[in-house]
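Structure, as structure tokens:
Coordinate-derived values only; no laboratory data. What you see is a predicted model; the values in this text were computed from it and never measured. Please note: Cβ atoms are built from the backbone with ideal geometry, for glycine as well, and neighbour counts cover all protein chains shown.
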Amino acid sequence: MKQRTAATAAALIALVAIGLALLVSRRSQPVGNIGVPQPAKPVKLSQYLGVWYEIGRYENGFERGLEGVTAEYRVRADGLIRIVNTGRRGSPTGHARVIQGWAKVVGGSDNAKLKLSFFGPLFLADYWILDHAEDYAWSIVGEPSGRYLWLLSRRPYLSPETREAIYSRARQLGYDTDLVRQTVQ
């Protein structure tokens with residue numbers, strides 16, 4: 001019984017430590033948009049699902065040093081969305097780091113706002129699809145604090161004109177694109 005209580009206490013301490021680490025890392029992130037807008041248009045999940053390539057991001061602790069970053073979204077049998085994020089240490093051919101999680105659509109958001117978790121139900125994060133191309137060729141993702149931003153594409157490589165169009169749209173949404181770290185694919 002004492003071993004079980006000790007294991008439960010250790011697990012609780014680990015969860016609290018993870019939570020505190022996440023809070024500290026979030027506070028150290030620069031705010032790139034002090035007035036994050038609501039998502040610009042509804043999202044058709046059937047078109048949003050699939051693989052996305054990260055073109056650029058605001059640097060953050062959980063992706064530091066990663067290149068070749070992708071995110072894959074699939075509907076699970078229970079209706080939640082399965083997330084598989086993959087990044088490669090140091091270069092697009094580096095050692096793969098994979099993390100899995102899940103997301104659920106926020107009611108009344110036209111599918112443009114999700115709550116996602118990679119650490120169980122205690123740690124939910126906002127994921128706002130702020131804008132996307134009509135054909136879902138690109139997407140701009142953020143959250144309410146303005147500390148996180150992801151520029152995503154269906155293709156790993158973009159023409160300079162397409163890249164500039166995405167950056168321009170991010171600036172129109174109020175983001176400081178000078179803070180964007182381009183991801184090497």
In Hz, Karplus ³J(HN,Hα) per residue of the stretch 106-111 (6.51, -1.76, 1.60; θ = phi - 60°; x = Gly, Pro): 7, x, x, 9, 6, 6
What's the angle, to the nearest 10 degrees (0 to 90), between helix 2-28's Cα axis and the longest principal axis of the chain? 30 degrees
Projected label distance in nm at residue 118 and residue 154, using a 7 Å step from Cα toward the beta-carbon: 2.6 nm
Compute the Rg to Rh ratio over the stretch 45-182 from the alpha carbon atoms, using the Kirkwood formula for Rh, and round to two decimal places. 0.93
Label zone at residue 135 (point 7 Å along Cα-to-Cβ), backbone N below 14 Å, the stretch 148-162: 154-155, 159, 162
Compute the angle between helix 160-172 and the longest alpha-carbon principal axis of the chain, please, reported from 0 to 90 degrees and rounded to the nearest 10. 70 degrees
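Give me the percent relative contact order of the chain, please, defined on Cα pairs under 8 angstrom at least 6 residues apart.
27 percent
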Kindly provide the helix-only [θ] at 222 nm of the chain, computed as the sum of -39,500 (n - 2.57) over DSSP H runs of four or more divided by all residues, to the nearest 500 deg cm²/dmol? -7500 deg cm²/dmol
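Counting Lys and Arg as +1 and Asp and Glu as -1, each charge on the Cβ, what is the dipole of the stretch 45-182 about the Cα centre in debye, to the nearest 20? Don't jump to the answer; show the numbers that get you there.
Numbers: 18 positive and 16 negative charges, 97 e Å.
The calculated dipole for the stretch 45-182 is roughly 460 debye.
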